[in-house]
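What follows is a short report on a single structure.
The values are calculated or read from the model by the stated rules, or taken from the named source; none is laboratory data. The structure displayed is predicted, hence computed values, not measured ones. Cβ placement follows ideal geometry from the backbone for every residue including glycine, while neighbour counts extend to all protein chains displayed. Surface accessibility is based on the protein's heavy atoms, side chains included, excluding ligands, DNA and RNA. Shrake-Rupley method; radii C 1.70, N 1.55, O 1.52, S 1.80 Å.
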Amino acid sequence: MTLPFHDARALADGARARAMELGKALSVAVVDYGGFVVLIERMDGARPMTPDIALSKAYSAAVMQRPTEMLENWRNADPVFFTQVGRMGHRPIVATKGGFTLKRDGAFLGGIGISGGSPDEDQRICADVVRSAGFDLDFPQWAGAQRH
């Protein structure tokens, strides 16, 4: 199942509206399940690097099939391996707030990434728009995230 463009458009519109409420200029990227671009937008005034950061967050969430925040423990527990894996795909894998996997009815459809606010703002906006669009927010802990 592929991610329909109308879903990507709705996510970007929702993110822009939330950013304007907070007085933030941000970028949003939406990718399909393989991490390929469906949509990228940079709001007026958003810093130049924010589209690339948003795209890396979206890509990471899509191909790792977990929100990017969930990758932080893996990065911290095994930084060498994480760095090696992070360079294997066509975008960097990042472990930070602001990237969500797009999953509906158990099917992985893609990812969304937001950049331009603080990490907590990016995360909150991302969660809000993903929830509003009817995507799943429940992801089991990943074995790679556990410390031994």
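Within segment 44-96, track down each residue that is of a type outside the set (Gly, Ala, Ser), open to solvent by less than 30 Å² (accessible area, probe 1.4 Å) and touching a helix residue (DSSP H, G or I) at 6+ places or on another chain (Cβ under 8 Å). Let's see the steps before the verdict.
Filtering segment 44-96 for residues of a type outside the set (Gly, Ala, Ser) gives 44, 47-53, 55, 57, 59, 63-76, 78-85, 87-88, 90-94, 96.
Right, trim to open to solvent by less than 30 Å² (accessible area, probe 1.4 Å) and you get 50-51, 55, 57, 59, 67-68, 71, 74, 82, 85, 93.
Residues satisfying the conditions are LYS57, PRO67, THR68, LEU71, TRP74, PHE82, ILE93.
Annotation: of all residues in segment 97-114 being open to solvent by 10 Å² or more (accessible area, probe 1.4 Å) and not hydrophobic (A, V, I, L, M, F, W, C), the one that is nearest to SER27 (Cα to Cα) is LYS97. Quick check, is GLY117 more than 12 Å from LEU26 (Cα to Cα) and either over 13 Å from the mean Cα position of the chain (by Cα) or basic (Lys, Arg) (or both)? In short, no. Checked against the criterion of being without any contact (Cβ under 8 Å) to a residue 60 or more places away in the chain, under 28 Å from ARG16 (Cα atoms) and crowded, with 16+ Cβ neighbours inside 10 Å, segment 128-144 contains one or more residues that satisfy it. Checked against the criterion of being at pLDDT 95 or above, within 11 Å of the chain's Cα centre (by Cα) and not polar (S, T, N, Q), segment 40-53 has at least one qualifying residue.
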